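None of the figures in this text is laboratory data; all of them are computed from the coordinates on show. Model, not experiment: these values are computed from the prediction. Ideal geometry is used to build each Cβ from the backbone, glycine not excepted, and the neighbour counts take in all protein chains shown.
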Amino acid sequence: MKSRREFLKQSLLAGTGVTISAMGMPASSYARIMGANDRVNVGLVGFSDRARQALLPCFYNNNKELNFDIIAVSDIWKRRREEGQAFLQQKGGHDIKACVNNDELYKIKDLDAVIVATADFQHAYHTIEAVGNRMDVYCEKPFAETMDDARNALKAVKASGKIFQVGTQRRSGASYHAANDFIKAGKFGPITMVEMTWNVNQPGRWRRPELLKEIREQDTDWKRFLAGRPADSWDPRKYLEYRLFWPYSSGIFGQWMTHQIDTVHWFSGLKHPRTAVANGGVYMWKDGRSNADTLTAVFEYGPENDPKSGFQVAYSSRFSNSAGGTKEMYYSNGGTIDIDKNKISPTGGLTEREAQEMGMHANLLPEMTLASAESKVSTGANTGGDALTNGHMRNWMQCVKDRKPTNAPIEAAYSHSIALIMANAAYRTGQKATFDEERQEVMVGGKPFTL
């Protein structure tokens with residue numbers, strides 16, 4: 001019997017002219033089923049807080065059972081590279097290769113897959129790099145903040161046939177799966193409105209004041225950090241606090257909204273909004289940031305072939321008051337799905353009496369629990385190895401083994417990228433954003449939105 005590596009080498013795709021199946025994977029990739037005893041060797045791209053606090057604990061919750069191992073870490077900052085090596089050696093119980101950049105990482109001949117946990121704007125860039133080096137990929141969200149990045153990464157992943165999962169971990173939550181099943185079965189009725197919030201009171205969120213005193217340009221690689229962004233002079237705040245600065249991050253939209261807007265695409269089956277408008281600003285934390293601390297966006301969704309049908313999605317978020325926390329409310333004429341409370345209810349639905357007065361039939365929803373294993377979401381910066389992320393990491397690992405599509409494949413990553421770029425375009429221009437289906441471009445004022 002051929003070894004897994006020999007089999008993979010003979011099955012590599014050419015990168016162009018690949019026939020893509022309906023699930024976005026070449027049919028040939030399904031033939032590359034791994035043997036139960038084959039170990040999958042993984043590299044970590046970016047020893048970030050998210051990697052250390054959540055992704056790695058979840059990986060190590062499952063690696064022994066599924067026969068995965070981390071053998072290398074790549075980070076362009078010397079401090080993080082050394083910290084990552086020490087952390088992984090302690091967790092894995094063996095030596096870890098510390099790579100100064102991804103060029104060095106991908107010279108490791110036995111590497112099979114990578115976990116990408118780098119800066120927001122680098123995710124698509126590092127995904128393209130990884131699949132180009134024949135890696136399966138788990139990539140943190142947001143996936144892409146420009147349509148160029150999104151289109152190029154979509155094309156690269158689909159052509160590669162590699163297993164890909166984006167880190168929108170709600171897709172691996174029990175209550176979210178239950179809501180999706182309920183809606184898809186037609187029991188909920190047409191979605192009429194979605195309300196979403198993500199509120200915190202965290203002045204230090206995304207700030208790194210102590211690290212700013214310690215980082216030195218000579219200890220990292222600023223040009224490589226820019227990863228395709230316009231040339232810029234060294235700025236430790238943009239390096240360490242990138243989520244506060246455009247074009248290194250869209251901040252709230254990229255970090256938080258992508259999680260919730262992704263469920264809209266999943267539940268509705270729609271690929272992106274029709275339109276987006278947005279408003280906000282830096283109203284409280286005037287610390288030099290350029291990304292807003294308060295934002296509201298309103299989207300219209302609906303089928304392409306029926307412009308008179310659809311629904312609205314209202315999203316709001318603030319850093320200055322945590323009242324309300326996270327909320328994900330789906331409404332139909334028959335009632336409400338409250339995912340935060342794990343409930344389906346007739347709340348707000350049209351009663352039988354009201355329906356009779358209009359000559360209609362009421363379709364009130366039942367009062368029921370979504371799922372016995374509730375999918376709770378935390379607004380804290382450090383979620384730890386939470387159940388949602390653990391399920392999501394395990395799903396990716398199992399799919400790498402089985403060569404099957406993940407819960408959050410490249411198409412999901414592409415869709416949430418469109419929505420966040422539309423919201424960002426609307427906020428930054430003050431105009432209504434739309435999406436040109438033929439050109440695959442976010443449009444404002446008749447022009448594509450670009451950096």
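At a glance:
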| quantity | calculated |
| --- | --- |
| Inter-label distance for ALA231 and LYS327, nm, one decimal - labels placed 7 Å from Cα along Cα-to-Cβ | 4.9 nm |
| HN-Hα J in Hz across segment 73-80 - Karplus 6.51, -1.76, 1.60, θ = phi - 60°, x for Gly and Pro | 10, 10, 8, 7, 9, 3, 4, 5 |
| HN-Hα J in Hz across segment 227-238 - Karplus 6.51, -1.76, 1.60, θ = phi - 60°, x for Gly and Pro | 6, x, 6, x, 3, 8, 7, 3, 8, x, 5, 5 |
| All lysines inside 19 Å of LYS308 as judged from Cα atoms, apart from same-chain residues fewer than 8 positions distant | LYS271, LYS432 |
| Nonlocal amide H pairs with ARG274, under 5 Å, H built at 1.01 Å | GLU300, TYR301, GLY302 |
| Value of Rg/Rh across segment 166-237 [Cα atoms, Kirkwood radius] | 1.23 |
| Using alpha carbons only: equivalent-ellipsoid semi-axes of the chain, gyration tensor based, whole Å | 36, 27, 22 |
| Nearest-0.05 FRET efficiency for LYS91 and GLN398, computed from C-beta distance (R0 30 Å) | 0.90 |
| Relative contact order for segment 61-187, counting Cα pairs under 8 Å that sit 6 or more residues apart, in percent | 17 percent |
| DSSP-defined antiparallel bridges as percent of all bridges, the chain, nearest 5 | 60 percent |
| In order through segment 138-152: 3J(HN,Hα) via Karplus (6.51 cos²θ - 1.76 cosθ + 1.60), integer Hz, x for Gly, Pro | 9, 10, 5, 9, x, 6, 8, 10, 9, 5, 4, 4, 5, 5, 5 |
| Reach of LYS286 by Cα under 24 Å, taken over lysines that are not fewer than 8 positions away in the same chain | LYS213, LYS238 |
| Helical mean residue ellipticity (222 nm; -39500 (n - 2.57) per DSSP H run of 4+; nearest 500) of the chain | -9000 deg cm²/dmol |
| Long-range amide H partners of ILE70 with built H, under 5 Å | VAL42 |
| Interchain or long-range residues, amide H under 5 Å from GLU441's placed H | ASP436 |
